[in-house]
Amino acid sequence: MFPETIETDRLRLEVGGPENVDLDECYRICSSDLGIGEVTEYVTWDPHETKKETLEFLERNRELFEADEAVGYVIRPREGEDGAGEIAGFGGFEVDWEKRTAVLGTWLRKRFWGRGYSGERAAALVAVAFDDLDLDVVAVSHHPDNEQSRRAIEKYVDRLGGRREGRLRNALVYADGSVHDEVRYTISQAEWRESTA
């Protein structure tokens, strides 16, 4: 149902399963990459402590993909980009089929911040959600204190015709069990079609 591979102008996204991702490289990135503490500060997972944890993450990506519940892509810069072929991060979406909604999520290694990759990835995934899956809404959120994500999300949500919905209290549960608010944005299929016409 979800595409195995997506290519944009500068990025290649492949299903982030064990068949497409080198376990040792992914573990190094998810456990001790430069800036991993900053990367994981506002996401719901902590740096990986074991290679088994990384393998389970990759296997879960494949399982959710095959069950048509969610897709998690490994994001790699394409030829001509600095770091071409390297793992830049992961991004994808979960689908709530009853609500006809996709919920985007992503994280990028610190060395790939500031390049506009988040917005480029989001535009491609929103197109999949609306053109391929015929969903009604795409949602995305960030922790209220995550200024970098706020700027990136506001930029691409505005460009894709969406809007800020508001602050949801106690909506995020972190790996350590702490509960946090989130700021949510949505794009409807009609808004997206009008903005990209």
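The values are calculated or read from the model by the stated rules, or taken from the named source; none is laboratory data. Being a predicted model, the structure only gives us computed values, none of them experimental. Areas reflect the complete protein model, heavy atoms only, side chains present, ligands, DNA and RNA absent. Shrake-Rupley method; radii C 1.70, N 1.55, O 1.52, S 1.80 Å.
In plain terms, the chain from His180 to Asp132 could stretch by 14.0 nm, reckoned as 0.36 nm per residue minus the Cα-Cα distance. To the nearest 10, the accessible area of Leu108 is 20 Å² with a 1.4 Å probe. Extension gain, Leu168 to Glu49: 0.36 nm times the residue separation minus the Cα-Cα distance gives 39.8 nm. Cross-link partners of Lys52 among lysines, defined as those whose alpha carbon lies under 30 angstrom from its own and excluding same-chain residues fewer than eight positions apart: Lys110.
Between the entries (i) 15.9, 47; (ii) 17.1, 62; (iii) 18.9, 61, the label attached to Rg and Dmax of the Cα atoms in Å calculated for this structure is (i).
The listed residues Glu19, Glu14 rank as Glu19, Glu14 when sorted by accessible area, largest first, using a 1.4 Å probe.
Subtracting the Cα-Cα distance of Ser195 and Asp9 from 0.36 nm times their residue separation leaves 65.0 nm of extension gain. The fraction of accessible area contributed by carbon and sulfur in the range 3-194 is 45 percent, rounded to a whole number (1.4 Å probe; ligands and nucleic acids excluded). Rolling a 1.4 Å probe over the protein heavy atoms gives the chain an accessible area of 51 Å² per residue.
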